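Only one structure is covered here, and it is reproduced in the block below.
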Amino acid sequence: MFIGVSLFNLFNLFYHLFMVRNLPPIEYGQLNTLMALFMIISVPATTVQTAVTKFISSFQAQNKYDRANRLLRHLLILMLIVGLAIFLSMVVGVRFISSFLQISSYGLIILLAAGLFFAMIIPIPWGGLQGLQKFGSLTLNLIINGGLKLALGILFVFLGFGVLGAMGAIALSYGITFFLSLLILGGYLPKKRKSTLEQDVEGAGPAYISEVYHYFLPVGITLLCFMVLTNIDLILVKHFFMPIEAGFYSIAQMVGKIILFLPIPVVMVMFPTLSSLEGQAKALRTLRRSLMIAFFLCAGAILLGFLFPSLIVRILSGKVYPECISLVRLFCINMTLYSLVLILLYYHLSTYRRGFLYPLIFLTLMQTGLILAFHRTLMQVLFMVGIVSACLFGANFYWAFHRPGKGVQR
């Protein structure tokens, strides 16, 4: 899983490397801002994937495949409706979005809406594969998704479509990968299990579905807050600063996002493992190991970022932008803290405890408010992000290791 997700992230890195070298800083700033908006709006889909992973994992352990089929069909229909609603809303509000983000091309907004439609539904098969612990098939889908985005993006830019081609590649890659993953998932789920059929029908009614929806709330709040925390700065910078400054910020942020994505394989394996454990002691041991792995991965990246910031910017963008050097160092620290926070948040989601949501919501609002109030320079924006990320890590670490809990949920 680590190798596969690393390849997926490598394709994404090459995608950004190509775009930052072949698009003007202003257009790359537009692309990066739309991708940040993409991440925030797609939170409902990520929420559904997390819930699907948890419940499908439980069903597999009990051989209740009919129940798994029912849940997947139900959520697929739901997310099709949500995706269509988002697409139509963005088409209707394209003028407002274009004005707020200082993006003149309506076509970019429409392509973003198309990509979001597929992003809403693809977590259903992905969550199913992850819940069944078919990590090889899930990894294959991730690699194909990243590879298509890279190949199509290069092709469309070379054909002269510019930033429109870059955004179109994202929409197409998600669309193609959705149909592929759906076919693969269907091969792993038997249509009927006669020994448990009656039990599954009885347990898959409104009461059972309501249990799934009840789990959506903490997951949705958690992922929405995390996406806002790690993307709202880019959106507000695009709004408050000149396009060229937003472009420099986007280039530096690319370094930070590389660090943020380093522990994703750890999270993807840790979460279903925690969901199947009994007892807080075992869960805490798994959490400690996950945090240690993530810390050592990020520590190496921080060291490189502090020692060779100019070289990293040159490798990523093909040029040395002095305006990016100091930003890179702060991004390395901030995104390392958020990487560790992400692991702690997924640990909390595997338990009965929900008290961690209160400081998470408060600090998310606090970071947005601080950036709105203090944004004279790009460095000032990053300082605000750094203060909140440190507070959030401290609060979640304390909640995980120093607060009594009810144990890990099966």
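Taken together, the values in this text are just the output of simple stated rules run on the coordinates, not laboratory data. Quantities reported herein were computed from a predicted structural model and do not represent experimental measurements. Note that each Cβ is placed from the backbone with ideal geometry, even for glycine, and that neighbours are counted across all protein chains shown.
Could you give the length gained on full extension between Leu10 and Ile315, defined as 0.36 nm per residue of separation minus the Cα-Cα distance, in nm?
My answer for the length gained is 108.4 nm.
Mind checking Rg over Rh on region 1-204, alpha carbons, Kirkwood formula for Rh?
Dividing the radius of gyration by the Kirkwood radius yields 1.04.
On a 0 to 90° scale, report how tilted helix 2-22 is relative to the longest principal axis of the chain, with both axes built from alpha carbons and the result rounded to the nearest 10.
Result, in degrees: 30.
Label point 7 Å out from Ala151 along Cα-to-Cβ: which residues of region 103-126 have amide N under 17 Å?
Under 17 Å, as judged by backbone N against the label point of Ala151, lies no residue of region 103-126.
On average, how much area does the Cα convex hull of region 238-339 cover when viewed from any direction, in nm²?
7.7 nm²
Given region 215-410 reduced to its alpha-carbon atoms as identical point scatterers, what log10 I(q)/I(0) does the Debye formula return at q = 0.11 Å⁻¹?
Taken in order of the listed q values, log10 I(q)/I(0) reads -0.52.
Ordered by residue, what ³J(HN,Hα) values in Hz, to whole numbers, does region 143-155 give under the Karplus form 6.51 cos²θ - 1.76 cosθ + 1.60, where θ = phi - 60° and Gly and Pro are x?
The phi angles translate into 5, 5, 4, x, x, 5, 4, 5, 5, 5, x, 4, 4 Hz.
Run the simple label-point estimate for Ala373 and Phe397 please: 7 Å along Cα→C-beta, distance reported in nm.
Roughly 2.6 nm, to one decimal.
I need Arg314, Arg329 ordered by Cβ neighbour count within 10 Å, fewest first.
Ascending number of Cβ neighbours within 10 Å: Arg314, Arg329.
Does anyone have the angle between helix 264-275 and the longest principal axis of the chain? Alpha-carbon axes, 0 to 90°, nearest 10?
20 degrees
Given a Förster distance of 30 Å, report the FRET efficiency between Leu303 and Arg21 from their Cβ-Cβ distance, rounded to the nearest 0.05.
In this case the efficiency is close to 0.75.
Would you mind checking which residues have amide H under 5 Å from Thr351's amide H? H placed 1.01 Å from N; only 5 or more apart, or other chain.
Gln409
Looking at this model, which pairs from Lys149/Lys319; Lys149/Lys238; Lys64/Lys257; Lys134/Lys319; Lys54/Lys238; Lys134/Lys238 are more than 31 angstrom apart at the alpha-carbon?
Lys64/Lys257; Lys134/Lys319; Lys54/Lys238; Lys134/Lys238
Would you mind working out the magnitude of the charge dipole of the chain relative to its Cα centre, with +1 at each Lys and Arg C-beta and -1 at each Asp and Glu C-beta, to the nearest 20 Debye?
Dipole of the chain, to the nearest 20 debye: 820 debye.
When 1/r is averaged over all different Cα pairs and the result inverted, which Kirkwood radius in Å belongs to region 27-70?
12.5 Å
At a 10 Å Cβ-Cβ cut-off, how would you order Phe38, Phe240, fewest neighbours first?
Final ranking by Cβ density, sparse to dense: Phe240, Phe38.
Write down the Å³ per residue value for the convex hull defined by the alpha carbon atoms of the chain.
Taking only Cα atoms, the chain has a hull volume of 127 Å³ per residue.
Select from Ala252, Leu132, Met120 the residue farthest towards the positive end of the dipole of the chain; place +1 on Cβ of Lys and Arg, -1 on Cβ of Asp and Glu, and compute about the Cα centre.
Working it through, the farthest residue towards the positive pole turns out to be Leu132.
Neighbouring Cβ atoms within 10 Å as the yardstick, rank Ile77, Ile293, Ile121 fewest first.
Lowest count first: Ile77, Ile293, Ile121.
Could you give the length gained on full extension between Arg285 and Val212, defined as 0.36 nm per residue of separation minus the Cα-Cα distance, in nm?
23.5 nm
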